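The values are calculated or read from the model by the stated rules, or taken from the named source; none is laboratory data. These numbers were taken from a predicted model, which means no experiment stands behind them. All Cβ positions, glycine included, derive from the backbone under ideal geometry; neighbour counts span all protein chains shown.
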Amino acid sequence: MTASFYKTAPDRTSLALAGIAWRAGRAIMEVYGGDFVARMKADDTPVTLADQRAEAVILPALAVLLPGVPLISEESFDAAQAAPAPGSPFVLVDPLDGTREFIKRNGEFTVNIALVEAGRPLAGCVYAPAVGEMYFSGTSAHALAQDPGAAFDPSAARPIAARTAPATGAIALVSRSHRDPDTERFLAGIAGVRTESIGSSLKFCRIAAGQADLYPRFGPTMEWDVAAGHAVLQAAGGRLTTPDGAEFSYGNFARGLRNGPFIARGR
């Protein structure tokens, strides 16, 4: 398989990414089911053996699937490493998004994999192994719900689509572990909005599946936190923009792949 096959087969690519994420999820659940220790990294975020084992599954598999395409993963990222050429494809990986939720054992953590080119996500997958929810997208978005211990069965996937927000009573999703004053001020300006807290990239997927309407985020995130959920959301008809409505892009190596604020919306 050549690295460029994703250009003509984005849906095959997303399905392949989903299969890799599924295998990583099984490695995560092996740790989740036992005793584990979390340590704090230099950026004051936690990491566990599950993060490392998932990355050890994902990166070799991606190297086979997309030979020659740079792989950028949270646990092995070095801000001093050479950046891909401008506009060229690369993969963003968060082997365990929502490590704080993993530590709390509330099930709201995901595996995120996204293929990016020219600053835009082309294909991606988000897998929540503790609840058996998989979301993946190329030209269209699909969701799959299976028992976490079952074999990956993409034939059971169903298409999903974002909904049009109601005139009143829109549902806004907010981070369970990272609430911030700017987000609260933004929500205070929306009449009748209802808020629900949820961890990890599942927020993007809930909007993509038509179960919620927006996700504002003004606090800090990294590109690997967002790109896979963005891929699913846009394929489902939703949008992710900056607060002023500008296009949200990836590959900002000059600022260490740190994101600015954003707002995710349905149709």
Has region 186-197 got at least one residue that is basic (Lys, Arg) and over 28 Å from Gly138 (Cα atoms)? yes
Criterion (within 26 Å of Thr99 (Cα to Cα) and in the same structural domain as Ile113 (by TED's automatic domain parsing)) met by exactly one of Phe248, Phe152: Phe152
Considering only region 111-124, I want to know if a residue exists there that is under 10 Å from the mean Cα position of the chain (by Cα) and farther than 16 Å from Val57 by Cβ. yes
Tell me, which residue of region 163-178 that is within 18 Å of the chain's Cα centre (by Cα) and at pLDDT below 95 is surrounded by the most Cβ atoms within 10 Å (Cβ to Cβ)? Ser175
Just checking, which of Gly238, Gly199 is within 12 Å of the chain's Cα centre (by Cα) and of a type outside the set (A, V, I, L, M)? Gly199
Which one of these is under 23 Å from Met40 (Cα atoms), touching a residue at least 12 places away in the same chain (Cβ under 8 Å) and in the same structural domain as Ala21 (by TED's automatic domain parsing): Leu144, Leu92? Leu92
Out of (1) free of Cβ contacts under 8 Å to residues at least 24 places away in the same chain; (2) touching a helix residue (DSSP H, G or I) at 6+ places or on another chain (Cβ under 8 Å), the odd one out for Lys104 is which? (2)
Can you pull out every residue in region 208-225 that is out of contact with any helix residue (DSSP H, G or I) (no Cβ under 6 Å at 6 or more places or on another chain), assigned to a helix (DSSP H, G or I) and either over 16 Å from Ala118 (Cα atoms) or of a type in the set (S, T, N, Q) (or both)? Asp225
Going by the structure shown, is Val116 modelled with pLDDT of 95 or more, under 19 Å from Asn252 (Cα atoms) and surrounded by 14 or more Cβ atoms within 10 Å (Cβ to Cβ)? yes
Just to be sure I understand the filter: pairs with C-beta atoms under 9 Å, separated by 6 or more residues or on different chains, first member in region 230-244 and within 16 Å of Gly219 (Cα to Cα), second member crowded, with 24+ Cβ neighbours inside 10 Å and of a type in the set (A, V, I, L, M, F, W, C). Which pairs pass? Leu240/Phe204; Leu240/Val226; Leu240/Leu233; Leu240/Ala264; Thr241/Ala264
Find the residue count for region 54-95, including only residues that are of a type outside the set (A, V, I, L, M), assigned to a strand (DSSP E or B) and within 15 Å of Glu117 (Cβ to Cβ). 1
What are the residues in region 175-222 that are under 19 Å from Glu133 (Cβ atoms) and hydrophobic (A, V, I, L, M, F, W, C), if any? Ile198, Leu202, Phe204, Cys205, Ile207, Ala208, Ala209, Ala212
For region 244-258, what are the residues that are in a loop (DSSP other than H, G, I, E, B) and either touching a Phe, Trp or Tyr at 6+ places or on another chain (Cβ under 8 Å) or loosely packed, with under 14 Cβ neighbours inside 10 Å (or both)? Asp244, Gly245, Ala246, Phe248, Gly251, Gly256, Leu257
Name the pairs: first residue in region 12-35 and assigned to a helix (DSSP H, G or I), second residue of a type in the set (Lys, Arg) and at pLDDT 95 or above, Cβ to Cβ under 9 Å, at least 6 apart or on different chains? Ala24/Arg53; Ala27/Arg53; Ile28/Arg53; Glu30/Arg53; Val31/Arg53
